[in-house]
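A.B. asks: Below you'll find the structure I mean.
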Amino acid sequence: MSNHWGLCKNCKWWQIEPDASVTDQTAGFCIEEDLQPFNLRITGNGGCNSYVHGEPARAEGSSAKPPEAAPQR
């Protein structure tokens with residue numbers, strides 16, 4: 001198991017709406033390069049081993065079903 005596992009709400013690869021609060025229930029878009037083909041919409045309390053600590057990116061359409069925003073990183 002990776003030592004880099006962490007929650008989406010604390011990950012730089014999580015992208016949320018421009019005015020969204022960073023919470024467990026906020027829906028966003030995982031923009032980690034290897035996961036982008038899956039167009040993964042996930043809440044802040046999700047997590048994985050591609051985690052990199054940082055502030056979430058922000059873009060309009062990140063919480064759409066499926067996400068419509070372009071990755072901002």
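The numbers here are math on the coordinates, done by the rules we state, and not lab data. Worth saying up front: this structure is predicted, and the values here are computed from it rather than measured. Cβ: placed from backbone, ideal geometry, glycine included. Neighbour counts: every protein chain shown.
A.B. asks: Quick one: net charge around residue 42, please, counting Lys, Arg +1 and Asp, Glu -1 for every other residue with C-beta under 13 Å from its C-beta.
C.D. replies: Working: positive: 9, 41, 65; negative: 24, 32.
So the surrounding residues net to +1.
A.B. asks: Right, here's the next one. Go through (1) 6.2; (2) 4.6; (3) 4.3 and flag the label whose value is the computed mean projected area of the Cα convex hull in nm² for this structure.
C.D. replies: Checked against the structure: label (3).
A.B. asks: Along the Cα→Cβ direction, 7 angstrom out, place labels at residue 52 and residue 25. What is the inter-label distance in nm?
C.D. replies: In this crude spin-label approximation the distance works out to 3.1 nm.
A.B. asks: Give a residue-ordered list of calculated ³J(HN,Hα) values for region 33-48 (Karplus: 6.51 cos²θ - 1.76 cosθ + 1.60, θ = phi - 60°; whole Hz; x for Gly, Pro).
C.D. replies: Ordered by residue, 3J(HN,Hα) equals 3, 5, 9, 4, x, 8, 6, 6, 9, 8, 8, x, 8, x, x, 6 Hz.
A.B. asks: Then there's this: Could you pull out every residue, at least 5 positions away or on a different chain, whose amide H is within less than 5 Å of the one on residue 6? Hs are placed 1.01 Å off N in the peptide plane, and Pro or chain starts have none.
C.D. replies: For residue 6, whose amide H was placed from the backbone, the distant partners under 5 Å are 48, 51.
A.B. asks: Starting from the amide H of residue 11, placed 1.01 Å from N in the peptide plane, find each other amide H under 5 Å away whose residue is 5 or more places distant or on another chain.
C.D. replies: When sequence neighbours closer than 5 places are left aside, the close amide H contacts are 54.
A.B. asks: Same structure again: Let me spell out the model: positive unit charges on the Cβ of Lys and Arg, negative unit charges on the Cβ of Asp and Glu, origin at the Cα centre of the chain. What dipole size does that give, in debye rounded to 20? List each step's numbers first, then the result.
C.D. replies: Working: 6 positive and 9 negative charges, 21 e Å.
It comes to approximately 100 debye.
A.B. asks: Using each residue's phi in region 7-20, evaluate 6.51 cos²θ - 1.76 cosθ + 1.60 at θ = phi - 60° and report the 3J(HN,Hα) Karplus result to the nearest Hz, with x for Gly and Pro.
C.D. replies: Those phi angles translate into 7, 4, 4, 10, 10, 6, 8, 8, 10, 10, 4, x, 9, 6 Hz.
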